[in-house]
Amino acid sequence: MTGDWPPRTLGATLAATVAAHGDREALVTDRMRLTWAQLDAKARRAAKTLLALGVARGDHVGILMGNNAAWVSMFFGAALIGAVTVPVNTRFKSSELAFCLKQADVRLLFAADRFLGIDFIALLRAVEPALDRALPGTALPLLARVLVVGDDVPAGALSWRAARALAEGVSDEALARAGAGVGVDDALLMQFTSGTTAYPKGVLLTHHNMLRNAWSTGVRMGVTAADRYFNCRPFYHVAGTTLSLLVALNAGATLVTLPTFEAGAALRLLAEERCTLTSGNDTLFQMMMSHADFDPARLSLRGGWAAAGPQTMRRIIDVMGMTGVCAAYGLSECSPNVVFNDHRDPEAVRVAGRALPHAGVEVRIADPATGAVLPTGAPGEIQVRGWNVMKGYYKNDEANARVFTPDGWLRTGDLGTLDADGRLAMVGRLKDVFRVGGENVAPAEVEEVLLGHPAVATAQVVGVPDARLGEVPAAYVTLKAGARASEAELTAWCKARCANFRVPRYLRIVADFESIGMTGSGKVQKVRLREHAIAEFGLAA
């Protein structure tokens, strides 16, 4: 991918990719292989199905299932007619699902009956009992249709097989008319924030937001149609849509994915499909590199991106062989990427996580208390302005008023620094920073020290209450396959390498973070981890 961004909708982008690369593989899942021409045909059929069911431009279409071809075809199909996709987190419980569907004004939900042992139909029944009779009901009065992939189809829903038959009654001309009015500034996706620190909010992102973001990151990654890009992220996360699926769409590359991330299965598919690119946050890479089946000799990776600290970036290059890996920083509200390395940047710059904003995107550092803009090198809140910034939170004027400064900059809630070259380094989340006897501690600082120990695979640090100091660090770590270390040894490692106030007062070695709290995008939920630590160590909240 080279040149300038050609402003266009997802539909126009798909048409251009099919014209240039129609016979190339577009999508490889655990059950299906599709060329770009075949994926386009599925998307067009999904679009016609939506039209037959009365879905129109601007309507909100929810998708509740794991990563598969049906997810992609519905996302693309909704975009073709100007409908807005609402990706629904497959880990939501009934209360979270009810909040999401109601807050987002979802009119049609496309759902699997079951996924990873979760009975989605039972969850939906709990949310809207009218599902067993006829929709709409009283709990979700705007939800008029539920389309089910699978055999468990309640009386008030419609099977996907039956729904697709309705597409035969919609002509190509009718589809073209429906798509003619879709513009680049129309909403494409309503992304619910992952909720690691707060209750989710619906982020409205446009065709322009997401496709330009995918284009710019793809250029900096050096993606071509010959690449095979393994996606670790769920499609209900914007890193799975923008930074994986849409990057592949822009370039005509092949996207390889699994229904959900599991380190062993990911390593097998990376090897079997000879993937050249992959991406993810620090936790996902650490899980793969510490897995018993990890064998770098079987991998064909040359690059991709990682949202990770220097210790993990160094290992991604040296251990996984991803010599062209780029550092990335972003958030859902920015479509999601803000800064991204060029794959040709010096290795030391990429390992340090110092990257430039995209052309047309501005970044500044401000004092989180006063709002004053800070000088080069001073740590403060990262604030962003530019084409990648969301339209706003859906139906949440209060949150919109809080997140934007009076002069129009987005407050990210993240802590970072800018160097003299304008490169940004993200230090941590402001909400995660805690004070130990008056000293600020960013969890990432302590996590980096722990990751430097040869036995440590992953590390997570939170602040927990302390009667004398206010808060002190508590750390949870996992070990690499076959590695040994004691909790006392890891505490001593920290004492020798960081200031006393940063040394974990409490430290536990755990098998994984699944039971403690991890989002589907591979992020550990700091709020739940803190609650777990307070309970485990018998502390007063």
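Values quoted throughout were computed directly from the atomic coordinates according to the rules given, and no laboratory measurement underlies them. Just so you know, these numbers come straight off a predicted model, no measurement behind them. Every residue, glycine as well, gets a Cβ built from its backbone with ideal geometry; the counts of neighbours run over all protein chains shown.
Computed over the range 151-224, the P(r) curve from all C-alpha pair distances, binned at 10 Å from the origin, holds 14, 21, 32, 28, 5 percent per bin. With all projection directions averaged, the alpha carbon convex hull of the range 358-485 covers 11.4 nm².
Note on ALA122 and ASP421: the model spin-label points, each 7 Å out from Cα along the C-beta direction, lie 5.5 nm apart.
Using the Kirkwood formula on the Cα atoms of the range 233-285, what hydrodynamic radius do you get, in angstrom to one decimal?
Working: mean 1/r = 0.0861 Å⁻¹.
Hydrodynamic radius (Kirkwood, Cα pairs) of the range 233-285 is 11.6 Å.
Give the dimensionless ratio obtained when the Cα radius of gyration of the range 293-340 is divided by 2.2 N^0.38 Å.
On the way: Rg = 12.4 Å, N = 48, 2.2 N^0.38 = 9.6 Å.
Against the empirical 2.2 N^0.38 Å value, I get 1.29 for the range 293-340.
Per residue, the convex hull around the alpha carbon atoms of the range 459-541 comes to 104 Å³.
Scattering from the range 1-87 was approximated by placing one identical point on each alpha carbon and applying the Debye formula without solvent; log10 I(q)/I(0) at 0.14 1/Å stands at -0.50. Over every Cα atom in the range 348-407, the radius of gyration and the widest Cα-Cα span, Dmax, amount to 13.9, 43 Å.
Per-residue ellipticity at 222 nm from helix content only, as computed over the chain with -39500 (n - 2.57) for each DSSP H run of at least four residues, stands at -8500 deg cm²/dmol.
Beyond 14 Å, what share of the Cα-Cα pairs of the range 149-189 remains, rounded to the nearest whole percent?
Numbers: 528 of 820 pairs.
Cα-Cα pairs in the range 149-189 separated by more than 14 Å: 64 percent.
Annotation for GLU531 and ASP30: the two label points, set 7 Å from Cα along the Cα-Cβ direction, are 2.9 nm apart. For the range 310-390, the orientation-averaged shadow of the C-alpha convex hull comes to 6.2 nm² (one quarter of the hull surface). Rg over Rh for the range 248-317 works out to 0.94, both radii taken from alpha-carbon positions and Rh defined as the Kirkwood radius.
In percent, how large is the relative contact order of the range 329-441, given Cα pairs closer than 8 Å and 6 or more residues apart?
Working: 185 pairs, mean separation 27.2, N = 113.
Relative contact order of the range 329-441: 24 percent.
Cα-based radius of gyration for the range 200-310, normalised by 2.2 N^0.38 Å, reads 1.05.
Relative intensity of the chain on a log10 scale, I(q)/I(0) at q = 0.09, 0.11, 0.13 Å⁻¹, equals -0.65, -0.99, -1.38, per a Debye sum over C-alpha point scatterers of equal strength in the absence of solvent. Under the simplified labelling scheme, the LEU166-LYS93 pair shows an inter-label distance of 3.4 nm, with each label point 7 Å from Cα along Cα→Cβ.
Restricting the calculation to Cα atoms, the range 235-391 yields a radius of gyration followed by a Dmax of 16.7, 53 Å. With Cα atoms as the point set, the range 1-153 shows a radius of gyration and Dmax of 16.5, 54 Å.
If both residues of a DSSP beta bridge must be in the chain, then about 55% of such bridges are antiparallel.
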